[in-house]
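For reference, the structure is listed below as structure tokens.
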Amino acid sequence: MNVKLCALLLALLCKVAVSVSFHYHRYLELVQALNDIHNACPYITRIYSIGRSHQGRHLYVIEFTDQPGIHELLEPEFKYVANMHGNEILGRELLIQLAEFLCEEYRNGNQRIISLIQNTRIHIMPSMNPDGYEVAADQGPDANGYLTGRNNYNDVDLNRNFPDLNIVLNYNEKHGGPTDHLKLPDNWKEQVEPETLAMILWMENYNFVLSANLHGGAVVANYPFDKVKDYRNRGYRRMASYTATPDDKLFKTLAMAYSYAHGWMHHGWNCGDYFPNGITNGASWYSLSKGMQDFNYLFKNCFEITLELSCIKFPREEELEREWFGNREALITFIEQVHKGIKGMVTDENNNGIGNAVISVAGISHNIFSGEEGDYFRLLLPDTYTVTASAEGYYAKTATVVVGPDEATVLNFQLKKEKASSNSREKLPSRNLSSKNHIRKVAPRAAERRKGR
């Protein structure tokens, strides 16, 4: 009798719980899995589409937060994106598992997950290239090659399809001009694929603070810049050369947060390669143009890294459970990094939020901007900083702040309007400078074809 009762209770639990299963999800199965998660956790999730692929498949996102569909002031926006290359499928399955895990642990009263969801707006996109995935899935893990399904339906590598803002950065550094929040070329929409267009519009509509895109073909956490700044052409091959961002130390720390929480990435030796601490600067590995990682950093406020998660792009289903437990803690730990540094409100004298205010940190030549309602988020390592907030028509204000290793330090700025007769107006640099330089397209190196990004 007790056995029958236990079986009945177990059956009832299975009906209301999110099923965790380690198998590959074709497009319709992925959609069903996301809906199952939403139905199990309707008050903390929302499913939305940012657009459609070349063949018309939705680019779905599942959002986790305590107020789905709403940006709450001082609550940072985070995103995970996977399956940018259709045949690199581990990330796709890991993000489905992550969504199931967040829902289930929230329901089970896991205080760490509850706190994360209550204080973060988490956006999870399991597949940026659903068309490519279907091509790769038709082949399966046994017959899949390194390129089958990699590109989108139009045979374009989506991680070589973003507007090249690195070339604008290089021009502006030499001739004067902004080095962040760079302007897109006038005809940019004509140059990109529908999946890339959807991603860029997504970045414009959400003030993302931190992000990772999940790939396969190696095991390493890769950070910007991906593109070599000054390189010499040798038979069209771009020589690898460490190319640091102004936030290089921060990016190293973010990458190591993932690699050391991962089951084996931090060991360094993986897939026949050696990366100390399991991390690498992208350009020092090999130079990559028009990638999503650099674009995030130069276009908006978002700090993005690229996670290479498996030696084999299309591992067998039997490997999924091991990979999930190897990545689970790292996936959660990396989201938690969005709460480091400083955050606050930029307001006027009537406590109205000031959008598009510039937040600059002395010694770091990369600014971030406040959101539409005046809140800002600036990722920083523990230290003491001098921070300035400025906006058109207001006097700038500077403060010193101490950043600790835990939660973000709150630093608010209240700006006074400039007097109409003032001769000491602090002008912001022009944001309209763009480059007309072009780069010749070159065939990807053999090493690039082997690796995920």
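The values are calculated or read from the model by the stated rules, or taken from the named source; none is laboratory data. What you see is a predicted model, and the numbers here were worked out from it, not measured in a lab. Positions of Cβ are backbone-derived with ideal geometry, glycine not excepted, and every protein chain shown enters the neighbour counts. The area values use the complete protein model at the heavy-atom level, side chains included, leaving out ligands, DNA and RNA. Shrake-Rupley method; radii C 1.70, N 1.55, O 1.52, S 1.80 Å.
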### Query
Of the conditions (1) touching a strand residue (DSSP E or B) at 6+ places or on another chain (Cβ under 8 Å); (2) of a type in the set (S, T, N, Q); (3) open to solvent by less than 10 Å² (accessible area, probe 1.4 Å), residue 207 fails just one. Which one is it?
(3)
### Query
When residue 346 is evaluated against the numbered criteria (1) under 21 Å from residue 119 (Cβ atoms); (2) open to solvent by less than 10 Å² (accessible area, probe 1.4 Å); (3) without any contact (Cβ under 8 Å) to a residue 60 or more places away in the chain, which criterion, by number, is the only one it fails?
(3)
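If the requirement is being under 24 Å from residue 217 (Cβ atoms) and among the hydrophobic types (A, V, I, L, M, F, W, C), which of these qualifies: 61, 81?
On the way: 61 fails: under 24 Å from residue 217 (Cβ atoms).
Matching residue, one of 61, 81: 81.
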#### Entry: Selection count where residues are buried (at least 24 other Cβ atoms within 10 Å of the Cβ) and part of a helix (DSSP H, G or I), scope the range 260-283
3
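Give the range 237-257 a look and list any residue that's in a helix (DSSP H, G or I) and surrounded by fewer than 17 Cβ atoms within 10 Å (Cβ to Cβ), or say none. Step through it out loud before you land on a result.
Initially, the range 237-257 is screened for residues in a helix (DSSP H, G or I), giving 248-257.
Selection gives 248, 249.
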### Task
Consider residue 373 carefully, then state whether it is under 25 Å from residue 296 (Cα atoms), of a type in the set (Asp, Glu) and at pLDDT 95 or above.
yes
### Query
Which residues, taken from the range 284-322, are within 14 Å of residue 220 (Cα to Cα) and assigned to a helix (DSSP H, G or I)?
284, 285
#### Entry: Members of the range 326-343 found to be in a strand (DSSP E or B) and either open to solvent by 10 Å² or more (accessible area, probe 1.4 Å) or closer than 18 Å to residue 93 by Cα (or both), listed by number
343
### Message
Given the criteria out of contact with any helix residue (DSSP H, G or I) (no Cβ under 9 Å at 6 or more places or on another chain), at pLDDT 95 or above and at positive phi, does residue 393 qualify?
### Response
yes
